[in-house]
Amino acid sequence: MASSVAERPSPSDSSITLPTLEGLAGEGWKVQQRSVARAGVVEHFVTVTGREPWRVGAVMVALAGALGDLGAKVVACEVVGRGVKEAALAAMRRAFGRVHWPVTWLEDNVEGMVCVGVWAISGTAVEPMQYAGEIAGTVFEDADYSYIMLGNVLPPDLSLTAGEQSVQLFEKFDKVLAVAGWDFHNTVRTWFYNRDILGWYDEFNRVRREFFKARGVFDRYVPASTAVGCDNPANAGSVAKLLAARPKGDAPRVVPTPSPLQCPAIEYGSAFSRGAEMGPKGQRRIMVSGTASIEPAGATAFVDDLDGQVALTMDVVAAILENRGMSWGHVVRAMGYFSNPETLDAWERYVESRGLPEFPTAIFNAVVCRHDLLFEFECDALEG
């Protein structure tokens, strides 16, 4: 397990800039960054998006320099872009040296777009976690919790059907966590990027419900989650991420966060909580699950109305945050998924019309889990 964290940083540490990244912003790349001091550490979230995949090496060099200046260690990384894995991984290795953290590789259908998202932390050790000879995740801690972050989790046998692969995927979660003496009950949040999701989403939900029932998950805490349709370089039926946590001392246990404007997802067959809350007052972390334009009774709202779906989705997310005493100003990372690759500009329309504050946001093409859902959004918010 990671070594002890440093003493809690002062409030003045809660806003940190990464000047090494400013050059990217001046060269056609969009750079969004937030750093928050909380629970004895400083967490850093960076999203870099651009349309020049051949310059991904410069992105990795800038990221390595910026995080190195802060003494920050990478917890996890996502790279979105079709056909960029080989070049991006080589660039990452040149910039950082050995890659000691999980990199989740996703592919969308937006020509030439690359998006790199990084979660890093300073003030504590971040140790790699291996499984079957590969980096499966990282292990770290803050003043209140010990954590395991898994990324790019793939089913062992890619020759199976997507449904059969998902059975293996859930079983693999338990096996990887067992390396540290943990199990699935320590899971706080999951992410699933399922190829051809509309062709087998019902089966995926059945597999998840059966796994949860067998493990007694429904009798305890049901993790927050996202499940969208997205390709991956391995051509697996699904690639996944997982965040697990254990409270230290008298830190509160993780609890589900209700959605004031929606019914529980479990009521219409999707086994996940609308969000998760952890941490003591003043140091809390809120993780909002993948959220879409769904009415309180579970039906799709604003059918065929993209801007209407974006607005309702964001209203639902805002209500979840406000219900827990937070706002958009607390958001440190987000991902927005548009089912049609030609409609990503709807995000900028929404941001400009509502005056939304800027926070690290990856916006890309990924199919939402219903034919009539056009947009989905998730985010994390921190007090600090």
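The values are calculated or read from the model by the stated rules, or taken from the named source; none is laboratory data. Fair warning: this is a prediction, and the values are worked out from it, not measured in the lab. Using ideal geometry, Cβ is built from the backbone for each residue, glycine included, and neighbour counts are taken over all protein chains shown.
Out of E376, E352, E383, E358, I need the residue that is buried (at least 23 other Cβ atoms within 10 Å of the Cβ) and farther than 20 Å from E111 by Cβ. Which one?
On the way: E352 fails: buried (at least 23 other Cβ atoms within 10 Å of the Cβ); E383 fails: buried (at least 23 other Cβ atoms within 10 Å of the Cβ); E358 fails: buried (at least 23 other Cβ atoms within 10 Å of the Cβ).
Only one candidate qualifies: E376.
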Pairs needed: first member in the stretch 250-268, closer than 27 Å to Y145 by Cα; second member anywhere, among the β-branched types (V, I, T) and in a loop (DSSP other than H, G, I, E, B); C-beta distance under 7 Å; at least 6 residues apart or different chains. P256/V222
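Residues checked against (1) modelled with pLDDT of 95 or more; (2) farther than 20 Å from R333 by Cβ:
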residue	(1), (2)
L70	no, no
A76	yes, no
G83	no, yes
E107	yes, yes
Across the stretch 235-285, what is the total count of residues that are more than 18 Å from A143 (Cβ to Cβ) and in a strand (DSSP E or B)? 10
In the stretch 99-109, the residues that are closer than 15 Å to G336 by Cα and crowded, with 19+ Cβ neighbours inside 10 Å: L106, E107, D108
State yes or no: is F173 in contact with a helix residue (DSSP H, G or I) (Cβ under 6 Å, 6 or more places away or on another chain), over 21 Å from C369 (Cα atoms), of a type in the set (A, V, I, L, M, F, W, C) and not in a loop (DSSP other than H, G, I, E, B)? yes
Return only the number of the condition from (1) acidic (D, E); (2) more than 20 Å from the chain's Cα centre (by Cα); (3) closer than 30 Å to A66 by Cβ that E141 does not satisfy. (2)
If you go through V103, V61, V99, the only one that is modelled with pLDDT under 95 and in contact with a helix residue (DSSP H, G or I) (Cβ under 9 Å, 6 or more places away or on another chain) is V61
Go through (1) under 30 Å from N340 (Cα atoms); (2) of a type outside the set (G, A, S); (3) under 21 Å from the mean Cα position of the chain (by Cα); (4) surrounded by fewer than 20 Cβ atoms within 10 Å (Cβ to Cβ) one by one and return the number of the condition Q130 breaks. (1)
Subset of the stretch 356-378, residues closer than 14 Å to V31 by Cα and either part of a strand (DSSP E or B) or of a type in the set (G, A, S) (or both), comes to T361, A362, I363
Scanning the stretch 307-329 for residues that are free of Cβ contacts under 8 Å to residues at least 60 places away in the same chain and hydrophobic (A, V, I, L, M, F, W, C), the one nearest to R354 (Cα to Cα) turns out to be A311
What is the one condition in (1) on the phi > 0 side of the Ramachandran plot; (2) touching a residue at least 60 places away in the same chain (Cβ under 8 Å); (3) among the small types (G, A, S) that G216 does not satisfy? (2)
So the check is Cβ under 7 Å with 6+ separation or different chains; which pairs have a first residue in the stretch 34-63 that's more than 16 Å from V74 (Cβ to Cβ) and a second one that's among the hydroxyl-bearing types (S, T, Y)? V36/S14; A37/S14
Which pairs have Cβ atoms under 7 Å, sit 6 or more apart or on different chains, and link a residue in the stretch 192-203 that is farther than 17 Å from N152 by Cα to one that is modelled with pLDDT of 95 or more and surrounded by fewer than 14 Cβ atoms within 10 Å (Cβ to Cβ)? L198/H371
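For the stretch 286-304, what are the residues that are outside any strand (DSSP E or B) and in contact (Cβ under 8 Å) with a residue 40 or more places away in the chain?
Pass one, the stretch 286-304, residues outside any strand (DSSP E or B): 293, 295-299, 301-304.
Correct list: S293, V303, D304.
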